[in-house]
Amino acid sequence: MSTARAARRTRSSDAISALKVETPEDPNATMVSETVSPESSGPVKRKREEQPTSDTLKRIKIGLEPEPYTKHSRFWAVDGNVLLQIGSTRFKVHRSRFARESPWFSRLFERSSQSAVDGTSGNDSRNPLFALIDADFGEVGNNEKGEDRQMKNDGSEDEEEEAQYGSNRDASGSDEDEDFSDVDTVKVAAAEGSPLYFLDPMDVSVKDFTALLVALDDGILLVVIMLNFAASGYYYNPPTVATAISIHRAADVLRVKRLSSFAKTYIEGIFSDKLEDVTSNRQTKTAGMYAAEAVVHGRNWEMSTILKRAFYELVRQPNLGTSGTYEDPTATIHRLERIDLVRLAHAREQLFTMWIDASNFPAFDCQTTVSSTGKACTSKVTRLQHWDYVTNNGLFKKYRLDPICGLQELIKKGWKGIGYCDNCVKERKALLRTEQEKIWTAMETWFDI
């Protein structure tokens with residue numbers, strides 16, 4: 001498990017510390033409870049039975065009192081065979097789909113089933129819940145109809161689909177050395193005849209998990225060829241940046257590697273750290289709209305390549321993109337760390353200072369006569385040029401916090417038309433580009449990237 005993932009996991013550890021596994025003192029007796037539905041209220045009925053029946057097993061919960069829950073409005077598959085719950089929101093999905101897409105889910109399901117077989121740990125394998133898991137999934141023995149339903153854990157049960165979309169393992173490489181110890185933090189219960197997994201310890205929100213399911217369900221199904229960690233070809237309906245960030249958060253934590261790679265590549269494309277993508281205004285509107293959220297995500301998920309562009313988009317916006325509503329506690333800008341807010345204030349001062357210096361372009365000591373006019377090159381007389389090009393037309397004010405694009409406007413000016421010789425045109429543009437690169441490089445120091 002990566003350091004970043006471990007740190008994020010620590011934040012959620014307190015939320016699950018109260019969850020304990022309880023088993024009856026008499027191994028031949030079973031505590032049975034009627035699950036309280038969201039619509040019902042009243043006391044929980046309990047009784048003891050010497051020989052638990054199949055129906056009894058399907059109503060057992062381990063160490064968790066029955067609590068109201070809400071079925072997700074979309075992701076409640078009638079023929080689903082596994083329940084996943086975050087907070088009070090419950091999802092009913094297909095086990096095979098998650099096991100195929102995520103090695104983490106595959107290990108989670110394997111752990112529950114293996115605990116029933118060998119008596120190892122896993123919320124307490126002595127509890128009859130694991131007999132339910134085996135009966136439902138056919139990991140050992142047969143199902144209720146006496147038919148062999150043993151699932152293949154090597155991913156080969158859906159060879160045709162893998163051939164069409166590519167396998168999760170192919171997109172991300174082997175997972176043999178990956179740490180899956182966090183599956184042990186997930187509590188398991190039984191409800192509605194299916195295993196129920198409580199995913200709260202994984203620190204994934206309902207919003208992010210829903211975005212992940214939408215991506216899987218609606219077919220951000222990718223055919224990705226990874227070259228130097230960048231997708232060279234994929235087919236998708238582009239999500240919003242906020243949705244892509246949600247997908248990446250959930251997919252990274254739950255090891256849905258194909259979607260994690262897609263979302264990461266998509267976000268990095270929007271917030272490219274290439275200088276030419278800033279000067280060409282590529283994705284400027286989109287990047288500016290989600291700049292603060294990208295900063296938060298880049299810091300928390302160690303995506304350093306998106307930070308420079310995200311910070312620049314944020315710092316060059318009026319009022320840091322808040323429309324002046326600093327007092328709004330829900331504004332994304334308030335999710336930034338305090339040190340980054342200080343860095344933003346410092347960077348605005350630095351950008352303004354560097355714009356003043358760079359826009360006061362120096363005179364050249366050129367003695368060349370321009371052949372087309374027969375006059376001396378005007379590059380040695382710059383005072384009027386600065387007035388015309390920078391001050392009088394509003395360029396100075398417009399780009400006071402966006403010097404990189406301000407310098408790009410100067411690069412595009414018709415220097416030859418005001419009497420520059422060819423060599424001085426090239427030299428002037430080269431100096432302006434050098435100033436752009438100097439600012440872009442300084443961003444790394446200002447924001448500790």
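The values are calculated or read from the model by the stated rules, or taken from the named source; none is laboratory data. This structure is a prediction, so every number in the text was calculated from the model and none was measured. Methodologically, a virtual Cβ is constructed for each residue, glycine included, from the backbone with ideal geometry; neighbour enumeration extends over all protein chains shown. Areas reflect the complete protein model, heavy atoms only, side chains present, ligands, DNA and RNA absent. Shrake-Rupley method; radii C 1.70, N 1.55, O 1.52, S 1.80 Å.
For Cys421, the residues whose amide H sits under 5 Å from its own are Thr378, Ser379, ignoring neighbours fewer than 5 places away on the same chain, with H placed 1.01 Å from N. Computed with a 1.4 Å probe over protein heavy atoms only, the accessible area of Trp76 comes to about 50 Å². Computed extension length for Lys412-Leu341: 22.2 nm, one decimal, from 0.36 nm per residue of separation with the Cα-Cα distance subtracted. Heavy-atom accessible area for Ile356, with the other protein chains in place and a 1.4 Å probe, reaches approximately 60 Å². For the residue pairs Lys264/Lys398; Lys274/Lys426; Lys285/Lys413; Lys92/Lys187; Lys285/Lys412; Lys274/Lys412, alpha carbon separations beyond 27 Å are given by Lys264/Lys398.
For the set Asp340, Asp277, Asp365, Asp203, solvent exposure ranked by accessible area (probe 1.4 Å, protein chains only) runs largest to smallest as Asp365, Asp203, Asp277, Asp340. Solvent exposure of Lys397, expressed as accessible area, is near 150 Å², computed with a probe of 1.4 Å over the protein chains only. What separates the Cα centres of region 93-109 and region 390-449 is a distance of 53 Å. The candidates Glu313, Glu444, arranged from most to least accessible area with a 1.4 Å probe in the full protein assembly, appear as Glu444, Glu313. Rounded to the nearest 0.05, what FRET efficiency do Thr284 and Val78 give with R0 = 56 Å and r taken as the Cβ-Cβ distance? Could you check? The pair Thr284/Val78 has a calculated efficiency of 0.80. On full extension, the segment bounded by Thr240 and Glu302 gains 20.3 nm, given 0.36 nm per residue less the C-alpha separation.
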